[in-house]
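A.B. asks: For reference, the structure I am asking about is given below.
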Amino acid sequence: MESALDFHTARALLEWQIELGVSETIGDVPVNRYQLEQKAPKPKGTRAASDTPPPKPKAVDPVDVAQKAARAAESLSGLRAAMESFDLCDLKKGARNLVFSDGQAGARVMIIGEAPGRDEDRQGKPFVGRAGQLLDRMLAAIDLNRDSNAYITNVLPWRPPQNRDPLPAEIGMMVPFLKRHVELAQPDLLILMGNISCRAVLGKQGITRLRGNWAEAWGKPVMPMFHPAYLLRQPHMKRAAWADLLEVKARLGALS
Ligand code: URA
């Protein structure tokens, strides 16, 4: 029979019983918990659906998908389109724009930053905020600029929420696109800004140790440097950045 008691009455009755010393609730009919559940017999010759587990959906490997999509891109615009249609990175869902690149494709110097921030996400261009303005001044100091002889991109084309560090899995699935980006842009050398780009391109981090030392990746000379956002917070490190820029200038001279 359905109880017509409201919540407060039921609660008052329960409390009254507890006051009387009730410490257990026991049903009117005993339950034999050792008894196995009886199953209806199967008709002969038929297999229950539960006998054959449903085929597992094939796990999609985002790195594999990214590699195939990146390899298939034959131009920078094709690569951009491939990244636009890549749906396996959750950062895409929270971003306003895909930030692909800025500057001159085919320039001798390609700069690789980490990920777009708020301003870059809004404008769809890398390095347009305060760190970007400092980057422009740093490049100008060695006669480089995005209007004629520098090309700029990021490891991640989508802004991470609250500018958090990208996760290793997010970096891993975007590296094939970055590698293809370098192949298609054909710079003479790469400048890596900060730890995330070092991790993506060199598979290492520890920018204080790596910076200023030439490395090689994807067939190109690579110069790791402090990120301009870090230099804004630690201006006394600009001296090291200046030394690294002079290294880049000297290498460009030697390669020409
Ligand atoms: N920091 C980066 O690494 N990239 C940008 O585009 C902006 C800030």
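The values are calculated or read from the model by the stated rules, or taken from the named source; none is laboratory data. Bear in mind that the values here come from a model prediction, so they are computed numbers and not experimental data. Here Cβ is always computed from backbone atoms with ideal geometry, including for glycine, and neighbour counts include all displayed protein chains.
A.B. asks: When residues of segment 111-124 are filtered for being more than 8 Å from the ligand (Cβ to nearest atom), among the charged types (D, E, K, R) and surrounded by 19 or more Cβ atoms within 10 Å (Cβ to Cβ), how many remain?
C.D. replies: 1
A.B. asks: Quick one: which residue in 96, 80, 108 is in contact with a strand residue (DSSP E or B) (Cβ under 8 Å, 6 or more places away or on another chain), modelled with pLDDT of 95 or more and over 24 Å from residue 230 (Cβ atoms)?
C.D. replies: 108
A.B. asks: Looking for whichever is small (Gly, Ala, Ser) and within 19 Å of the chain's Cα centre (by Cα) here; the options are 131, 107, 72, 82. Which one fits?
C.D. replies: Of the residues listed, the single one that is small (Gly, Ala, Ser) and within 19 Å of the chain's Cα centre (by Cα) is 82.
A.B. asks: Here's something else I'd like to know. Filter segment 165-182 down to the residues that are within 13 Å of the ligand (Cβ to nearest atom) and outside any helix (DSSP H, G or I), then identify the one that is surrounded by the fewest Cβ atoms within 10 Å (Cβ to Cβ).
C.D. replies: 165
A.B. asks: Report, by residue number, each residue of segment 99-136 that is farther than 12 Å from residue 157 by Cβ, without any contact (Cβ under 8 Å) to a residue 40 or more places away in the chain and assigned to a helix (DSSP H, G or I).
C.D. replies: 119, 122, 123, 133, 136
A.B. asks: Out of 217, 240, 200, which single residue is among the small types (Gly, Ala, Ser) and within 16 Å of the ligand (Cβ to nearest atom)?
C.D. replies: The conditions single out 200.
A.B. asks: Hey, residue 233 hits all of (1) surrounded by fewer than 16 Cβ atoms within 10 Å (Cβ to Cβ); (2) within 19 Å of residue 103 (Cα to Cα) but one; which does it fall short on?
C.D. replies: Result: residue 233 fails condition (2) only.
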